[in-house]
Amino acid sequence: MGAGNNIGSYGSSTAQRVCAPGCNSYGPYCGDGILQARFGEQCDDGNSDNNDLCDTSCHTIPPAPPPGAPSRGSTPDIPGAIPGVVSADLQTRVVLKGKAFPLSSVKILRDGAPVDVVRTDANADFIYTSGQLTPGTATFGFVGTDRANAQSFTTSVVFEIVQSAVTTVENIFLPPTISVSSTHVTPGDPLTISGFTVPRATVTIDLQDSSKATLSAKADDTGAWALQVDTASLATGFHAIKAAFMLTPFIKSGFGKAVNVYIGRDIPSGASSPDLNGDGKVNLIDFSIFLISWNTSDVRTDFNHDGTTNLADFSIMLFDWTG
Amino acid sequence: MRRSLSVAMLALAGLIPLTANAATLSIDTPKTSYGRGDTFIATVRLDNDNECVNAAQVEIDYPTNLLRAVDFSRGDSIFSLWVGDPQIDTEKGTVTFSGGVPGGYCGRIAGDPAQSNIIGEIVFTVVGNDAENKAAVNLAASSRVYLHDGLGTPALLNLKGVTLSLMPVPTQDSNPWLAQVGDDATPPESFAVQVESTRDVFGGKYYAVFSTVDKQSGLDHYEIFEDGVWNRVSSPHVLKDQTLNSGVMIRAIDKAGNIRLGDYDAKSVPPRQYSFAEMFSFYLLLGIAVLAIIIRLYFARHAARENSASPAS
């Protein structure tokens, strides 16, 4: 296939196409049906026919106007327009404000990758000010680590970074961290659920039980909260226990990371975790390992046990993402 | 002195809803009428409608006798992770892609000047016949959106395609996609190249992991410098040079050809992990070597005893 060096460089026609390295495919070329604007293509209709709307050099051929149609004018130049260049002296930054846990740290993720770590004050407030950013849609994620070294669920916001402006986003409230005294409890034995949140906030705990019961606890001045649960009344099986906080009707979080607790005598075989390399994080490395098993029956990446590593498992990985 | 504007938004991250509503995948175009030879950008949007979601797989159908999908842009997408590259099949008339948002997407935040709900943009060219016609660009029923609930639950989903009126003559003087690419002088975002070794992955061999985004025309592909040339590559990639002596150079290239070289820190590379097969082979060879030494020593001692026991002649 092809001739010459197999470097996959651009070919200006089908005849000029060049093998990609390994010679299993061609590099980009005019006639491959893909509009490669970076190589000056105005069109690419996947052929080398000159008698259609796209010529053999991938330049547009306007169709002949029907008889009697008015002629088409040219686009006027716009005075003073400077296409696509952002002046360097205009700042494009973001300021992000919210609440996590008192005197602890919050890891900031931008588009899934960690970019900074900020500290919170005694009221659990944090503020992050970015450097110069590229305008456009961005996802910022926040992972809090409390004083007991427990991590929160990743809270995300998606918004447009406005060019030449300081975009401030407030009211980013991280849900409480949550820990349990044991992940396997015999019915009737006590279970202690604890964590950190905003000082003096009310914590609502969802036990994901058939009774639909929710419990609550009050955080102290240090943000610590704890609750002892009578497990005798809970159904046998796994319970995904999660917590949310409310300080005022306007300062409250959604439910955070769920902790699985098995209530019963014999625990079923363990489930696999999105932390595929076991380093305590769920990040790009785990995602890469996950992709290797895509559409296979690999049990390590089939988190929901439906027999295939698919988008449902990807969704579970994104839920547990720590960056 | 020029001062920056200030834009305020309220995340209201606390208002993550608990009610189950239907998310909506939709397609829109700047106009609903195009002519033969026109190129336009169709935007695929995800409206969460009070539901936090984090991943989607999307399949779009279009009539191949009227339209041709010529490119796909991730430039404005809220997705930062993609399961493979978006696929355009010009024979079947389909565009498919899958991606997600770490931490989930809970909708537009108050004050955001943009809708911030784009998941992808498809560039179409009208190739239709000379007669006026209608072209429907639809979202296939196989499309899925998943809730951000840690359980992999599919969201209830509404699908909204778009129907376009096609004329026999062009309706626009310029190609908006070429204009967008031409205006892009900014390279992809800076990114780290991590080199890893995991016992059960690629037999413990060193592999590179990388990901970035481009906010303008969108990311096109990655390349790695190996064997003296730049080769197209995707993450994860098993490195040819397992000694790592030649370094690791990976670059991201956007649709406009702007290039960003990834940051590689050789000091962050973990020790090489060996697969069980390699460890088994190593210990087998070690065992054989030890056994050979023992046998040799045994025979040497035996020969020495025989020599010392035999009477002097």
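The values are calculated or read from the model by the stated rules, or taken from the named source; none is laboratory data. If you're wondering where the values come from, they're calculated on a predicted model, not measured in any experiment. Note that we place each Cβ from the backbone using ideal geometry, even for glycine, and neighbour counts take in every protein chain shown.
Would you call B:Val44 touching a Phe, Trp or Tyr at 6+ places or on another chain (Cβ under 9 Å), under 30 Å from B:Val169 (Cα atoms), of a type in the set (Val, Ile, Thr) and facing another protein chain (nearest Cβ under 7 Å)?
no
Given the condition more than 23 Å from B:Pro236 (Cα to Cα), of a type in the set (Gly, Ala, Ser), outside any loop (DSSP other than H, G, I, E, B) and touching a residue at least 60 places away in the same chain (Cβ under 8 Å), answer yes or no: does some residue in region B:98-116 qualify?
For region B:98-116, residues more than 23 Å from B:Pro236 (Cα to Cα), of a type in the set (Gly, Ala, Ser), outside any loop (DSSP other than H, G, I, E, B) and touching a residue at least 60 places away in the same chain (Cβ under 8 Å): present.
With respect to A:Ser273, is the statement that it is over 11 Å from B:Gly152 (Cβ atoms) and under 18 Å from the mean Cα position of the chain (by Cα) true?
Yes; evaluated as a whole, the condition is true for this residue.
Give region A:280-320 a look and list any residue that's more than 9 Å from every other protein chain (Cβ to nearest Cβ) and either surrounded by fewer than 17 Cβ atoms within 10 Å (Cβ to Cβ) or closer than 29 Å to A:Thr236 by Cα (or both), or say none.
Selection gives A:Gly280, A:Asn295, A:Thr296, A:Ser297, A:Asp298, A:Val299, A:Thr301, A:Asp302, A:His305, A:Gly307, A:Thr308, A:Thr309.
Only one residue in B:Ser281, B:Ser268 is in contact (Cβ under 8 Å) with a residue 60 or more places away in the chain, over 30 Å from A:Leu35 (Cβ atoms) and either of a type in the set (Val, Ile, Thr) or loosely packed, with under 13 Cβ neighbours inside 10 Å (or both), so which one is that?
Of B:Ser281, B:Ser268, the one residue that is in contact (Cβ under 8 Å) with a residue 60 or more places away in the chain, over 30 Å from A:Leu35 (Cβ atoms) and either of a type in the set (Val, Ile, Thr) or loosely packed, with under 13 Cβ neighbours inside 10 Å (or both) is B:Ser268.
Six or more apart or on different chains, Cβ atoms under 9 Å: show the pairs whose first residue is in region A:7-19 and more than 10 Å from chain B (Cβ to nearest Cβ) and whose second is among the aromatic types (Phe, Trp, Tyr) and part of a loop (DSSP other than H, G, I, E, B).
Cβ pairs passing all conditions: A:Gln16/A:Tyr10; A:Arg17/A:Tyr10; A:Val18/A:Tyr10.
Just to be sure before I move on: is A:Val229 surrounded by 15 or more Cβ atoms within 10 Å (Cβ to Cβ), more than 14 Å from A:Phe196 (Cβ to Cβ), more than 14 Å from chain B (Cβ to nearest Cβ) and free of Cβ contacts under 8 Å to residues at least 60 places away in the same chain in the structure I sent? So that I can check it myself, show each step before the final result.
Values: surrounded by 15 or more Cβ atoms within 10 Å (Cβ to Cβ): yes; more than 14 Å from A:Phe196 (Cβ to Cβ): yes; more than 14 Å from chain B (Cβ to nearest Cβ): yes; free of Cβ contacts under 8 Å to residues at least 60 places away in the same chain: yes.
Yes.
How about region B:56-78: which of its residues are more than 8 Å from chain A (Cβ to nearest Cβ), among the β-branched types (Val, Ile, Thr) and surrounded by 21 or more Cβ atoms within 10 Å (Cβ to Cβ)?
Residues satisfying the conditions are B:Val58, B:Ile60.
In region B:189-207, how many are closer than 28 Å to A:Asp116 by Cα, crowded, with 18+ Cβ neighbours inside 10 Å and facing another protein chain (nearest Cβ under 9 Å)?
Our first condition is that a residue be closer than 28 Å to A:Asp116 by Cα; within region B:189-207, this holds for B:189-198, B:206-207.
In the following step, the residues that additionally are crowded, with 18+ Cβ neighbours inside 10 Å were identified as B:189, B:191, B:193-198, B:206-207.
If we keep only those that are facing another protein chain (nearest Cβ under 9 Å) as well, we get B:189, B:191, B:194, B:196, B:198, B:207.
Counting residues in region B:189-207 that are closer than 28 Å to A:Asp116 by Cα, crowded, with 18+ Cβ neighbours inside 10 Å and facing another protein chain (nearest Cβ under 9 Å) gives 6.
Can you tell me which residue among A:Thr168, A:Thr214 is of a type in the set (Val, Ile, Thr), surrounded by fewer than 19 Cβ atoms within 10 Å (Cβ to Cβ), within 24 Å of the chain's Cα centre (by Cα) and at pLDDT below 95?
Exactly one residue qualifies, and that residue is A:Thr168.
Using the structure shown, decide if A:Val106 is surrounded by 14 or more Cβ atoms within 10 Å (Cβ to Cβ), at pLDDT 90 or above and either assigned to a loop (DSSP other than H, G, I, E, B) or in contact with a strand residue (DSSP E or B) (Cβ under 6 Å, 6 or more places away or on another chain) (or both).
Criteria met by A:Val106.
State which residue is nearest to the other protein chains (Cβ to nearest Cβ) when the search covers only region B:146-157 and only residues that are touching a residue at least 24 places away in the same chain (Cβ under 8 Å) and touching a Ser or Thr at 6+ places or on another chain (Cβ under 9 Å).
Among them, the one singled out is B:Tyr146.
For region B:206-249, name all the residues that are more than 18 Å from B:Phe79 (Cβ to Cβ) and touching a residue at least 60 places away in the same chain (Cβ under 8 Å).
Hit for region B:206-249 is B:Tyr206, nothing else.
Counting only residues that are of a type in the set (Ser, Thr, Tyr) and more than 7 Å from chain A (Cβ to nearest Cβ), which one in region B:94-137 is surrounded by the fewest Cβ atoms within 10 Å (Cβ to Cβ)? Step through it out loud before you land on a result.
In the first step, residues of region B:94-137 are kept if they are of a type in the set (Ser, Thr, Tyr); the result is B:94, B:96, B:98, B:105, B:116, B:125.
Next cut, more than 7 Å from chain A (Cβ to nearest Cβ) only: B:94, B:96.
On the way: B:Thr94: 16, B:Thr96: 18.
This residue is B:Thr94.
In this structure, does B:Val145 turn out to be under 27 Å from B:Pro176 (Cβ atoms), crowded, with 18+ Cβ neighbours inside 10 Å and not small (Gly, Ala, Ser)?
Considered against the rule, which asks whether it is under 27 Å from B:Pro176 (Cβ atoms), crowded, with 18+ Cβ neighbours inside 10 Å and not small (Gly, Ala, Ser), B:Val145 comes out as no.
If you go through region A:250-259 one residue at a time, do you hit one that is more than 19 Å from A:Asp302 (Cα to Cα) and more than 23 Å from the chain's Cα centre (by Cα)?
yes
Can you find a residue in region B:127-142 that is in contact with a helix residue (DSSP H, G or I) (Cβ under 9 Å, 6 or more places away or on another chain), among the aliphatic types (A, V, I, L, M) and under 30 Å from B:Gly257 (Cα atoms)? Give the steps one after another, and end with the answer.
So the first thing to find is which residues in region B:127-142 are in contact with a helix residue (DSSP H, G or I) (Cβ under 9 Å, 6 or more places away or on another chain), and the list is none.
No, because not a single residue in region B:127-142 is in contact with a helix residue (DSSP H, G or I) (Cβ under 9 Å, 6 or more places away or on another chain), among the aliphatic types (A, V, I, L, M) and under 30 Å from B:Gly257 (Cα atoms).
Which members of region A:181-211 meet the condition of being farther than 15 Å from A:Val261 by Cα and modelled with pLDDT of 90 or more?
Correct list: A:Gly195, A:Phe196, A:Thr197, A:Val198, A:Pro199, A:Arg200, A:Ala201, A:Thr202, A:Val203, A:Thr204.
Can you find a residue in region A:257-272 that is buried (at least 21 other Cβ atoms within 10 Å of the Cβ), β-branched (Val, Ile, Thr) and more than 30 Å from B:Tyr207 (Cα to Cα)?
yes
When you look at B:Ala140, is it more than 8 Å from chain A (Cβ to nearest Cβ), out of contact with any Lys or Arg (no Cβ under 9 Å at 6 or more places or on another chain) and at pLDDT 90 or above, yes or no? Break it down stepwise before answering.
Values: more than 8 Å from chain A (Cβ to nearest Cβ): yes; out of contact with any Lys or Arg (no Cβ under 9 Å at 6 or more places or on another chain): yes; at pLDDT 90 or above: yes.
So B:Ala140 passes the test.
Consider A:Val157 carefully, then state whether it is over 16 Å from A:Asp230 (Cα atoms) and touching a helix residue (DSSP H, G or I) at 6+ places or on another chain (Cβ under 7 Å).
Values: over 16 Å from A:Asp230 (Cα atoms): yes; touching a helix residue (DSSP H, G or I) at 6+ places or on another chain (Cβ under 7 Å): yes.
So A:Val157 passes the test.
Output the residues belonging to region B:143-158 that are more than 15 Å from A:Asn304 (Cβ to Cβ) and under 20 Å from the mean Cα position of the chain (by Cα).
B:Ser143, B:Val145
For A:Asn260, which of the numbered conditions (1) in a strand (DSSP E or B); (2) closer than 23 Å to A:Thr155 by Cβ; (3) modelled with pLDDT of 85 or more; (4) not aliphatic (A, V, I, L, M) fails to hold?
A:Asn260 satisfies all of (1) in a strand (DSSP E or B); (2) closer than 23 Å to A:Thr155 by Cβ; (3) modelled with pLDDT of 85 or more; (4) not aliphatic (A, V, I, L, M) except (3).
Could you tell me whether any residue of region B:91-98 is small (Gly, Ala, Ser), farther than 22 Å from B:Gly150 by Cβ and at pLDDT below 95? Please lay out each step first, then the result.
Filtering region B:91-98 down to residues small (Gly, Ala, Ser) leaves B:93, B:98.
Among the residues that remain, those that are also farther than 22 Å from B:Gly150 by Cβ are: B:93.
Filter once more, keeping what is at pLDDT below 95: none.
So far as region B:91-98 goes, no, none of its residues is small (Gly, Ala, Ser), farther than 22 Å from B:Gly150 by Cβ and at pLDDT below 95.
Where in region A:136-228 are there strands (runs of 3 or more DSSP E), lying fully within it, with 1 or more residues that are among the hydroxyl-bearing types (Ser, Thr, Tyr) and not assigned by TED's automatic domain parsing to the domain that holds A:Val115?
On the way: elements: A:136-145, A:155-161, A:165-173, A:190-196, A:202-206, A:214-218.
In region A:136-228, the matching strands (runs of 3 or more DSSP E) lie at A:190-196, A:202-206, A:214-218.
Does A:Gly80 satisfy the criteria of being modelled with pLDDT under 90, on the phi > 0 side of the Ramachandran plot and facing chain B (nearest Cβ under 8 Å)? Walk me through how you get there before you give the answer.
Working: modelled with pLDDT under 90: yes; on the phi > 0 side of the Ramachandran plot: yes; facing chain B (nearest Cβ under 8 Å): no.
Criteria not met by A:Gly80.
Looking only at region A:265-308, how many residues end up being closer than 25 Å to B:Val193 by Cβ and among the hydroxyl-bearing types (Ser, Thr, Tyr)?
Looking only at that region, the number is 3.
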